[in-house]
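The values are calculated or read from the model by the stated rules, or taken from the named source; none is laboratory data. None of the values given here were measured: they were computed from a predicted structure. When we count neighbours, we look across all protein chains shown, and the Cβ atoms used for this are built from the backbone with ideal geometry, even at glycine.
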Amino acid sequence: MIDALISSKTRIKLLLKFFLNSKTAAYLRGLESEFGESTNGIRVELNRFEKAGMLSSAMEGNKKMYRANTTHPLFGEIHNILLKYIGIDKIIENVVEKLGEIDQVYLTGTFARGVDGPVIDIMIIGSVDRTYLVELIERAEEKIGRRIRCIDYTQEEFEKLDLSHFEYVPLLLWQQKE
């Protein structure tokens, strides 16, 4: 879908990296090893995004760190398009809202780092009917064409959970309205 609109694979990777999880920060050489591409192509795209005001940068030691500019007028729209691109909007729609007493849903794993992959990792906080969850996940996987790996915690278990073992901070996707 997005590949038809944006022909540069590097540009798509950068959009996923920075606009899926706004807390993500990266520098040129780190992106080079992560993407397996030359620094020249990545630098060109980083400069375009920075010039357009979509990325901001700051020196941290001897590294120029890039982050999404969350105040950019298109940030929210790009974020939503990327959620649709990887199919998370359908997961939320088809899985979470039909499960009952769900407090929060987080994106974890590679997508929380802003890296595309074949498996979507989700953490659900609340009271879950696991049998029904498996059935809903299977249907969502068919619709989006990706595997979904899900872990669930009660609110009490989540409060005791040490989130420091996650490589990246989980990205809050959905929260029960008070």
Of residues in region 5-34 being more than 16 Å from the chain's Cα centre (by Cα), assigned to a loop (DSSP other than H, G, I, E, B) and over 14 Å from residue 82 (Cα atoms), the one modelled with the lowest pLDDT: 7
Starting from residues that are over 15 Å from residue 16 (Cβ atoms) and touching a helix residue (DSSP H, G or I) at 6+ places or on another chain (Cβ under 7 Å), keep the ones in region 39-55 and report whichever is modelled with the highest pLDDT. 43
Exactly one of 93, 37, 50 is farther than 25 Å from residue 149 by Cβ, in a helix (DSSP H, G or I) and not aromatic (Phe, Trp, Tyr), and that residue is 50
Subset of region 140-166 (residues that are more than 18 Å from residue 118 (Cβ to Cβ), surrounded by fewer than 17 Cβ atoms within 10 Å (Cβ to Cβ) and not aliphatic (A, V, I, L, M)): 154, 155, 156, 157, 159, 160, 162, 164, 165, 166
Could you run through region 135-152 and say how many residues are touching a residue at least 24 places away in the same chain (Cβ under 8 Å) and closer than 17 Å to residue 98 by Cα? 9
Name the single residue, out of those in region 17-40 being crowded, with 20+ Cβ neighbours inside 10 Å and touching a Ser or Thr at 6+ places or on another chain (Cβ under 9 Å), that is farthest from residue 116 (Cα to Cα). 31
Has region 85-103 got at least one residue that is touching a residue at least 12 places away in the same chain (Cβ under 8 Å) and over 30 Å from residue 157 (Cβ atoms)? yes
